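To start, the structure under review is shown below, and the notes come after it.
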Amino acid sequence: MADDFTFEIQNHLGAISETKGGWKTELNIVSWGGRPGKYDLRSWAPDKQKMGKGITFTKEELIALRDLLNSLDLNN
């Protein structure tokens, strides 16, 4: 079953952090198992062959997250 695991980074949108080991937390559009791409936030190894745990969003979910973040007072 693990042999069927496929992914394709369709569009790199940006990185928000990087560890000393070179892993970056990135927002990308990723196709998992040949399905249509979704917005994906997770850490990636420098060669993009290994990844950490992450979360995927539909466009509507990402818009809702953006709106939530914009409503927060982060100056505290």
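What lysines could a cross-link reach from Lys59, if we take a straight Cα to Cα line under 18 Å and drop same-chain neighbours fewer than 8 places away?
Lys38
Calculate how steeply helix 59-71 sits against the longest principal axis of the alpha-carbon atoms of the chain, using the helix alpha-carbon long axis, and give the answer as 0 to 90 degrees to the nearest 10.
30 degrees
Give the carbon-plus-sulfur fraction of the accessible surface of the chain in %, rounded to a whole number; probe 1.4 Å, heavy atoms of protein chains only.
54 percent
Run lengths n ≥ 4 of DSSP H only: what is the helix-derived mean residue ellipticity at 222 nm for the chain, with -39500 (n - 2.57) per run over all residues, to the nearest 500? Don't skip to the answer; put the middle values down first.
Values: 1 runs with 13 residues, N = 76.
Theoretical 222 nm ellipticity from helices: -5500 deg cm²/dmol.
Using Cα pairs closer than 8 Å and at least 6 residues apart in sequence, work out the relative contact order for the chain, in percent.
Working: 116 pairs, mean separation 15.9, N = 76.
Value for the chain: 21 percent.
In region 29-53, which residues have a backbone nitrogen under 17 Å from the label point lying 7 Å from Asn11's Cα in the Cα-to-Cβ direction?
29-32, 35-42
Please give the per residue accessible area of the chain, computed with a probe of 1.4 Å over protein heavy atoms only, in Å². All intermediate terms of the calculation are to be shown ahead of the outcome.
Numbers: 5890 Å² over 76 residues.
Each residue of the chain exposes 77 Å² on average to a 1.4 Å probe.
If Lys and Arg each add +1 and Asp and Glu each add -1, what is the summed charge of the other residues whose beta carbon sits under 13 Å from the beta carbon of Ile29?
Numbers: positive: Arg35, Lys38, Arg42, Lys59; negative: Glu8, Glu26, Asp40.
Residues close to Ile29 contribute a combined charge of +1.
The values are calculated or read from the model by the stated rules, or taken from the named source; none is laboratory data. Because the structure is predicted, anything quoted here is derived from the model rather than measured. In this analysis, Cβ positions are derived from the backbone assuming ideal geometry, glycine residues included, and neighbour counts consider all displayed protein chains. Just so you know, the surface numbers come from the protein's heavy atoms only, side chains and all, with ligands and any DNA or RNA stripped out. Shrake-Rupley method; radii C 1.70, N 1.55, O 1.52, S 1.80 Å.
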